[in-house]
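The values are calculated or read from the model by the stated rules, or taken from the named source; none is laboratory data. Quick caveat: nothing in here was measured; it's all calculated off a predicted structure. A quick note on method: Cβ atoms are made from the backbone with ideal geometry, for glycine too, and the neighbour counts reach across all protein chains shown. Please note that ligands, DNA and RNA were not included when accessible areas were found on the heavy atoms of the full protein model with its side chains. Shrake-Rupley method; radii C 1.70, N 1.55, O 1.52, S 1.80 Å.
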Amino acid sequence: AIPYRVFRPATDCTPCDVIVFSHGNLATYDRYDVLLTDWAISGYVVVAPQHVDSEEHPDREAYLTTDSQPLRTEDYLVLSNRFAEDGFEFDGLNFSGRQFAAGHSYGGLIALLAGGAEAADNASNFPENAVEPLAVIAISPPGELDGRIDQNGYSKVDRPTLFVTGTTDILPGFIDAWETHLDAFEVSQEGLGYALIFEGMNHYFNGAFGRITPEGAASEIAIDTLNTQILAFLAATASGEAPVGDDWAQTDNPIVRTLTK
């Protein structure tokens, strides 16, 4: 069984585009409302599975010795395919067949795999008949992981991809430099890589999502900026034209800077 949440727009979005979102390691699908609710309000149907590595998954104990990476791929594929096959019914909603992949941290890796990245373990890779996302949103994805994925594997992503990180986005002993989150960006194919770098934001946007803390409320301006940029990126890629030039460049914004590959 795959627990999941669906966020749907309050108004009719027919035909609706779908975003499949993968949460971070040990986190769960209900710690990202500041992102997913905003995306739904803006007209997307968002589906978020709860993976077996979540500390709140009802069957977590049964999977403690199991590699969760291929199971995360399976979770994503099951829900993605159900939407593609109209296996979900919601009053007043029809689906366009267009999907986007998104994720945070470990979930960012899953989103990149959905976008064409190749892991060392073939069981984690997406099959050729999987629904191809129009674009990928990878928030604080890991860099190269020994035995799991390297730069060559990341270079296989063939979708427009937005990478997000912050200048304090480190996990001591695992990711000791925030720039590591841009490993996959650095090998992006020409014209497909975009990045947002937030000043002073850590791995959880200072407690706004993933590991929510009372201090997270102070990140409201940064979250609003993040959602605005993500939605602009989704809209541009949905129209068939990834953002370029002045549509993407940020000026006089002290909290975020942009990069384009």
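Among the residues that make up segment 127-149, is at least one of them open to solvent by 40 Å² or more (accessible area, probe 1.4 Å), more than 15 Å from the chain's Cα centre (by Cα), among the hydrophobic types (A, V, I, L, M, F, W, C) and over 21 Å from residue 237 (Cα atoms)? Within segment 127-149, none of the residues are open to solvent by 40 Å² or more (accessible area, probe 1.4 Å), more than 15 Å from the chain's Cα centre (by Cα), among the hydrophobic types (A, V, I, L, M, F, W, C) and over 21 Å from residue 237 (Cα atoms). Restricting to segment 212-226, name every residue that is touching a Phe, Trp or Tyr at 6+ places or on another chain (Cβ under 9 Å) and either crowded, with 18+ Cβ neighbours inside 10 Å or modelled with pLDDT under 95 (or both). Result: 212, 216, 219, 222, 223, 225, 226. Residue count for segment 217-228 satisfying the condition of being farther than 15 Å from residue 254 by Cβ and among the polar types (S, T, N, Q): 2. Filtering 59, 53, 12 for residues that are closer than 15 Å to residue 109 by Cβ, charged (D, E, K, R) and modelled with pLDDT under 95 leaves a single hit, 53. Is it the case that some residue within segment 54-71 is crowded, with 19+ Cβ neighbours inside 10 Å and of a type in the set (Val, Ile, Thr)? Checked segment 54-71: no residue is crowded, with 19+ Cβ neighbours inside 10 Å and of a type in the set (Val, Ile, Thr).
The set of residues from segment 52-67 being in contact (Cβ under 8 Å) with a residue 40 or more places away in the chain and either touching a Gly at 6+ places or on another chain (Cβ under 8 Å) or closer than 18 Å to residue 20 by Cα (or both) comprises just one member, 53. All conditions in (1) under 30 Å from residue 96 (Cβ atoms); (2) open to solvent by less than 10 Å² (accessible area, probe 1.4 Å); (3) more than 14 Å from the chain's Cα centre (by Cα) hold for residue 169, with the sole exception of (1).
Residues in segment 100-112 include none that are over 13 Å from the mean Cα position of the chain (by Cα) and either within 20 Å of residue 53 (Cα to Cα) or open to solvent by less than 30 Å² (accessible area, probe 1.4 Å) (or both).
From the list 191, 207, exactly one residue is among the small types (Gly, Ala, Ser), modelled with pLDDT of 95 or more and open to solvent by less than 50 Å² (accessible area, probe 1.4 Å). Which is it?
Among 191, 207, only 207 is among the small types (Gly, Ala, Ser), modelled with pLDDT of 95 or more and open to solvent by less than 50 Å² (accessible area, probe 1.4 Å).
In the condition set (1) over 25 Å from residue 238 (Cβ atoms); (2) touching a Lys or Arg at 6+ places or on another chain (Cβ under 8 Å), residue 47 is compliant with all but (1).
Of the residues making up segment 6-19, those that are out of contact with any helix residue (DSSP H, G or I) (no Cβ under 8 Å at 6 or more places or on another chain) and open to solvent by 20 Å² or more (accessible area, probe 1.4 Å) are 6, 11, 12, 13, 14, 15.
For residues in segment 72-99 being closer than 19 Å to residue 138 by Cβ and not small (Gly, Ala, Ser), which is most open to solvent (accessible area, probe 1.4 Å)?
Only one residue tops the list, namely 98.
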